[in-house]
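Chemist: My questions all concern the structure below.
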Amino acid sequence: MAKSKANTEANTEAKPDEESMTFEGAMTQLEQIVRKLESGTLPLEEMLADYAKAVEYVQKCHSQLDGARRRIAQLQSVREDGKAVVKAWDDTAPLASEGNEAPSRRRGSHGAT
């Protein structure tokens with residue numbers, strides 16, 4: 001048991017502060033978990049714990065991507081002199097596309113030619 005507790009404590013210390021974790025950091029942690037899960041060598045309880053952690057990282061990534069989309073949406077247009085026209089920053093405002101159909105990453109899903 002002492003060895004298992006030491007491993008758990010070492011893993012806790014090695015993880016970056018999740019509140020301030022970057023998108024890239026969360027993706028790296030997620031990729032490491034996926035590799036562990038795909039290895040098929042973990043006990044069931046550890047796999048379930050890792051899976052739960054992976055879901056948290058996925059949620060963190062989605063949240064950060066939504067924030068990035070909102071920041072990009074702040075750009076209204078570009079004036080003739082090349083300067084950006086932006087509106088006041090509101091991180092909680094819905095995306096313009098939330099009421100409309102958002103662009104899809106899947107090509108051909110909207111009948112595009």
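A short reminder: the numbers here are calculations on the coordinates, not readings from a lab. If you're wondering where the values come from, they're calculated on a predicted model, not measured in any experiment. Note that each Cβ is placed from the backbone with ideal geometry, even for glycine, and that neighbours are counted across all protein chains shown.
Chemist: If I take R0 = 35 Å and measure r between the Cβ atoms of VAL58 and ALA84 in this structure, what FRET efficiency does the formula 1/(1 + (r/R0)^6) give, to the nearest 0.05?
Modeler: Once rounded, the FRET efficiency stands at 0.65.
Chemist: Under a point-charge model restricted to the Cβ atoms of Lys and Arg (+1) and Asp and Glu (-1), what is the dipole moment magnitude of segment 21-92 relative to its Cα centre, in debye to the nearest 20?
Modeler: Here segment 21-92 has a charge dipole of around 340 debye.
Chemist: Continuing with the same structure: Please report, in Å, the Rg and the Dmax of segment 33-87, where both are computed over Cα atoms only.
Modeler: My reading of the Cα-based Rg and Dmax gives 20.1, 62 Å.
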